[in-house]
Structures are given as C-alpha cells and as structure tokens.
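Engineer: Quick one: the structure is below, questions incoming.
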Amino acid sequence: MTPRRRKIRPEPSQLHPEDRIGDAATTEGELDEEDESERRVRRNKSRRQLERTHFQMVNERVVEDITVDFLYKPHTLTILGLLVVFISYKAFTGFTEAQNATDRNVYDGLLGTLALFLVVSAMAFPNGPFIRPHPVFWRIVFGVSVVYLMLLQFTLFQTYTDVKTVLTWLDPKGLGQEDLVEKEYAINCSDVSLERIWSHMDIFAVGHFTGWAMKALLIRHGVLCWYISIAWELTEIVFTQLLPNFAECWWDAIILDVLICNGLGIFAGLQVCKWLSMRNYHWESIKNITSHRARFKRMVMQFTPENMDDFDWGSFTQTIKRTMAVYVFVLIWLLTELNTFFMKHVFSVDTKHPVVFWRLILIAFISAPSIRQFYLYATDPLIKRLGMQCWVYLAVCALEAAICVKFGIHMFPRVAVTPIVVWILFLIVGTFFCVWISVWWAKKSSATTEITIDGENCDIYLDSSHENLGAIHDDVRRRRRDLGFSESDLN
C-alpha cells in the first residue's frame, strides 16, 4: 500500500513578498465566503424557525387574555372521574335479557366510543385558528370531523348492500327506503305569474336564504359569493343529466334562487360582517363588571367572533398563485354542494331527514376554520402548509366524492363529457374574471393606495398585508417579539 503524501503548506515568512500578499488576499476571500455561507445558513434556519412558530401562532392560537380562570383550567382528573362513572353506569345497567339487547348494546357502545373520543379531542387536539366562544368547542369540532372522516373511509371499502343494511338498522323508515321520490320543479315553465312564483317559496327557499347568509359570513367577500352563487346554478344545469331533481324553470333559477333568496342572503350576511367589523369590542373581564345587565351582555359577546376582518381574495401581487387559490376554493365548494345531493340520491335519503340537516351543520362548522386556514395558506408568505382542519376538510370532500362514484356509477346513465368540460372551462375563466372584478372594485371603493417599491408604483390593500390577514392580531405580534423575531425577518 503506497503511503499518502501530505501536502505541507509553507509558512508565510518562507514565501516571496508578492506570494505572501496573494496568499493573504486568498485567505481573506475564503474567510469572507465562509462568513457569508454561515450567515446564509443562520438566516435560512431563522426563517424556517420563524415560519414554524408563525404557523403555530395563527393556526393553533392560545388564549392569553383570560377573564374567567375556571373555564380555562384543564380539569383533567375531574373529567376522567366523571367519564369513568358515566361509562361504568351505562355499561353495567345495559340491556342483557331484552329482545333487542344486542342492537341496543352495540348502539350504546358506539355512542360511548364517540363520547370518549370527543373528550380526548377536547383535551389533546390543537385549538385551531378560533378561540371564541371557547377553544374546547373548536377542538370538539375537529374531533367530530376526524370521526366523520374515519367513517367515510370505512364506508368506502364496503358494499352498497352492507351500507344500506347499516342505514336501515339505524332508521328503518327514514334510511331504509330503496327508492327516492323527489319533487319536480321544471313543470309548465311557461306559466309565469306572481301566484306561481309565490307557490315556490317553500322551506327550501328559506334554506337558500339562511344558507347563503351563513356562506357570506364564512367567505366575507361579496364578489366571490355572487360568483359561487351563479356558478352553482350552472353546475345544476350541467349535472341535470345525472340528477333530474336539478332541473328547474329559468325564472326559478334566476329570479328566486340567484336574485331573491341567494342575493338577499348574501346581502344579509355581508351586512352582519360589516356590523361586526365596525363595532368596538370590549373584552374586559367579567369579574370587573358591576351591573348584571353588563355582565349578561359580556357573556353573550363570548359567543360572537373575536373580530371580523374582511377577506381580500383578489391580490395585486402573486396574481397567478392567488387566482389558482380562488379557483381551487370555488371548485372544492361546488364539490361539497354536489356531494350533498349525490349522497342522498345514491342512498335514497329524503331531503327532510335529520341526517341531511346535521351533515350540513357539521360541514358548516368544519368549513369555518378550514376557510380561515386556507386563506392564510393562500395569502400569508410565512405559511407554507395547510392547517390540519383544512386538510381534514379536503379529505372529507374527496372521500364523499369517491363514495358517490363507487356506489352510484351503475345508477346513472352514460355521462356526456362535453358539458362537464365546458363547466370546468367556465370556472377557469370565471375565476380570472372574479379576481379582476375584485381588484377593480377595490380600486373603485378606495380600499387601496399606491406606494413606490424599488422604484415601481404598486397598488396595495389598506387592510390586507402579511401583518393583517384576518388572524394575525396583536397577541401574535406580541408573542413573536417575545421570542426575539424582528419585523425584518418577515421580508
């Protein structure tokens, strides 16, 4: 084995003066490069740490201004004791010799499992982006969404007969029917009169109004709400070939749905948003309030949002990214609506059944923090990944769609591809048009200002920056300063 020769570097005193100067310059250059490399590594590490901490601050918020200490203490031992007593009581007093003991015991066991999981969720899951009325409420919502996700995953691997058997076991009369008779709306459309229009103002019209009022509270953007409302009517036309119940008269779709019910609902929801965003919030401690009326008012305010900031879905910067985010948002929203109708049609569940109503309520509660997390992901440069509640919501939509395709593929006639392609193209063009309208309206309503950045004139929103995205409040900035992050780290 040949020994390796070691290269010996001569001492500076042994070098020629010119060589010593050149060697010193080389050494200084290498040191500068090493320092720059180390600074770059430290800066990247600090940036990653900032992004991780910032994500936790805005997606797993902590209540710092606590007014009633008792409501924010863990009480883990007390909850454990009560839970053990309750479950033991139900277990030892269950049906043993009754005729339907097995069915009843299985039902109680499933409810006990659900209750236990929700208790664990309330104690262990993250708070999420909302802290009103209480973080425990949103932890339980997260827990229910995970249970629903697991239930959908289990259902996807079953047969239609087995799924229908379970539904019949839960409710033989309401969920056990094989055929679904639905009301037809596209009848004698040429007969247009006030009496005919008024006859269509049923419970579903009220549902349209209240539904869009709630959607406006969640989306908080008038142009986007109107765009989704119009896009849904086009979606009904495209999928009428699969769901005949979507067929309706032109005046029913345009006048009753879009203009009256949806329009009034959007207006009412946005007015509530405007009122909540303009009002002054006084979150002083209830212990410092003397009068009973003021105490009651403060208690009621606990069930209102901590704040109500507008969502600016249009943007002057990162146009393509923001537009794609709006397109995905609209597509997921329409898919959620389609899943509702397809699932009740595939499994023959009447619209008036409570399971349809409670699923809508569940989706509404899940979508509230999911929209906030998706908005932060689309607009905040420090957020590099989706929040978990939004991730679960997207998984729920995907599994519901997969269930509809698997169990309903044999029920539907051959699908015409052309209308669906036109529908997708319409959503793409409509999204760009929606963003353009949003930017134009923002300029017209004086919600923007022109500033100079690097010698270029740019328009920015007055109330939409990476420091005011609807979730980054004073407590987040204060905690960020306590952790030693400077404002220059955000740039």
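Engineer: Would you mind getting me the FRET efficiency between Val85 and Val415? Use the beta-carbon distance for r and R0 = 56 Å, nearest 0.05.
Structural biologist: Result of the calculation: an efficiency of 0.50.
Engineer: Same structure, new question: Quick one: which of Lys215/Lys352; Lys274/Lys352; Lys215/Lys444; Lys321/Lys444 span more than 28 angstrom between C-alpha atoms?
Structural biologist: Lys274/Lys352
Engineer: Can you tell me the length gained on complete extension of the stretch Val119 to Val405, counting 0.36 nm per residue apart and subtracting the Cα distance?
Structural biologist: Stretched out fully, the Val119 to Val405 stretch lengthens by 99.6 nm.
Engineer: What's the FRET efficiency of Ser46 with Ile260 using the Cβ-Cβ distance as r and R₀ = 56 Å, to the nearest 0.05?
Structural biologist: Efficiency for this residue pair is about 0.55.
Engineer: Let me ask something else about it. If one computes the Cα centroid of the stretch 120-173 and of the stretch 383-436, what distance in Å separates the two points?
Structural biologist: One Cα centre to the other: 22 Å.
Engineer: Could you rank the peptides 363-370, 404-411 by their average count of other C-beta atoms within 10 Å per residue, with the highest value first?
Structural biologist: Ranked by mean Cβ neighbours within 10 Å, highest first: 363-370, 404-411.
Engineer: Using a 1.4 angstrom probe and counting only protein chains, how large is the accessible area of Asp171 in Å², to 10?
Structural biologist: 50
Engineer: On full extension of the chain, what length is gained from Ser193 through Phe154, given 0.36 nm per residue of separation minus the C-alpha to C-alpha distance?
Structural biologist: Residue separation times 0.36 nm, minus the Cα-Cα distance, leaves 9.1 nm.
The values are calculated or read from the model by the stated rules, or taken from the named source; none is laboratory data. Bear in mind that the values here come from a model prediction, so they are computed numbers and not experimental data. For neighbour counting, all protein chains shown are included, and Cβ atoms are generated from backbone atoms with ideal geometry for every residue, glycine included. Accessible surface is based on the protein model in full, side chains and every heavy atom, while ligands, DNA and RNA are left aside. Shrake-Rupley method; radii C 1.70, N 1.55, O 1.52, S 1.80 Å.
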